[in-house]
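Input: a single structure, listed below in structure tokens.
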Amino acid sequence: MQKRIAHAICLSALALAAAHPLGTEAASKSIAVSAFVTANAVMQVEYQAQQLVVTAADVARGYCDAPNASKLRVSSNSRNGYLISIFSRLPIFKTVRVDLPDASVHIGLDGGAIAQRGRHGMEMLTQMTYRFMLADSVAPGTYPWPLALDVRPI
């Protein structure tokens, strides 16, 4: 039985060799390869204020400033840039003005986003300053930080 198996293997090898002779001809093949890289954006929080202190003077004038309350390091591979999304976590304000070094936006309680275009392939350090236009019912006190931040590619 083993002789028959060995004989069959040898015959198969000879048949393959006859079908594909080894010669001096050079054969070349080309394969097209493409890749799709998913756009991403990553945010590292360098500093984030944990509280917002509202004084009686803030309540009297109707707003509270929070200078340099967020410091973010963002990197993105998107050629279109990225969005910094801002979400309200506490309804102690009517609107908030968010100032970055090169942009400013007003955001309501329903949140919003700031587009940072043309910033890909490098890390960006961004400081954010806020002016909260206080809700009518806000009393002086210390509140948990009223905003949440996120980043995504455009």
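Conditions first: (1) over 38 Å from the mean Cα position of the chain (by Cα); (2) modelled with pLDDT of 75 or more; (3) open to solvent by less than 100 Å² (accessible area, probe 1.4 Å). GLY23 passes all but one, so which condition is the exception?
Every listed condition holds for GLY23 apart from (2).
Quick check, is VAL74 at pLDDT below 95, open to solvent by 80 Å² or more (accessible area, probe 1.4 Å) and within 22 Å of the chain's Cα centre (by Cα)?
Working: at pLDDT below 95: yes; open to solvent by 80 Å² or more (accessible area, probe 1.4 Å): no; within 22 Å of the chain's Cα centre (by Cα): yes.
For VAL74, the condition - at pLDDT below 95, open to solvent by 80 Å² or more (accessible area, probe 1.4 Å) and within 22 Å of the chain's Cα centre (by Cα) - is not met.
Restricting attention to the stretch 93-132, and to residues there that are touching a strand residue (DSSP E or B) at 6+ places or on another chain (Cβ under 6 Å), among the hydrophobic types (A, V, I, L, M, F, W, C) and open to solvent by 70 Å² or more (accessible area, probe 1.4 Å), which single residue is modelled with the lowest pLDDT? Reasoning before the result, please.
Filtering the stretch 93-132 for residues touching a strand residue (DSSP E or B) at 6+ places or on another chain (Cβ under 6 Å) gives 93-100, 103, 105-109, 111-116, 120, 123-132.
If we keep only those that are among the hydrophobic types (A, V, I, L, M, F, W, C) too, we end up with 93, 96, 98, 100, 103, 105, 107, 109, 113-115, 124-125, 128, 132.
Still in the running and open to solvent by 70 Å² or more (accessible area, probe 1.4 Å): 109, 125.
Numbers: LEU109: 92, LEU125: 88.
Looking at residues that are touching a strand residue (DSSP E or B) at 6+ places or on another chain (Cβ under 6 Å), among the hydrophobic types (A, V, I, L, M, F, W, C) and open to solvent by 70 Å² or more (accessible area, probe 1.4 Å), I get LEU125.
Each row is one residue, and each column tells you yes or no for (1) in a strand (DSSP E or B); (2) closer than 16 Å to GLN51 by Cα; (3) in contact (Cβ under 8 Å) with a residue 12 or more places away in the chain.
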| position | (1), (2), (3) |
| --- | --- |
| PRO91 | no, yes, yes |
| THR95 | yes, no, yes |
| VAL105 | yes, no, no |
| ALA113 | yes, no, yes |
| MET128 | yes, yes, yes |
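Taking the stretch 127-144, which residues are under 21 Å from VAL74 (Cα atoms) and either touching a His at 6+ places or on another chain (Cβ under 6 Å) or of a type in the set (A, V, I, L, M, F, W, C) (or both)?
Initial filter on the stretch 127-144 (under 21 Å from VAL74 (Cα atoms)): 127-130.
Hit for the stretch 127-144 is MET128, nothing else.
The values are calculated or read from the model by the stated rules, or taken from the named source; none is laboratory data. None of these values were measured; they are calculated from a predicted model. FYI the Cβ positions are ideal-geometry reconstructions off the backbone, even for glycines, and counts take in every protein chain you see. SASA here: full protein model, heavy atoms, side chains in, ligands and nucleic acids out. Shrake-Rupley method; radii C 1.70, N 1.55, O 1.52, S 1.80 Å.
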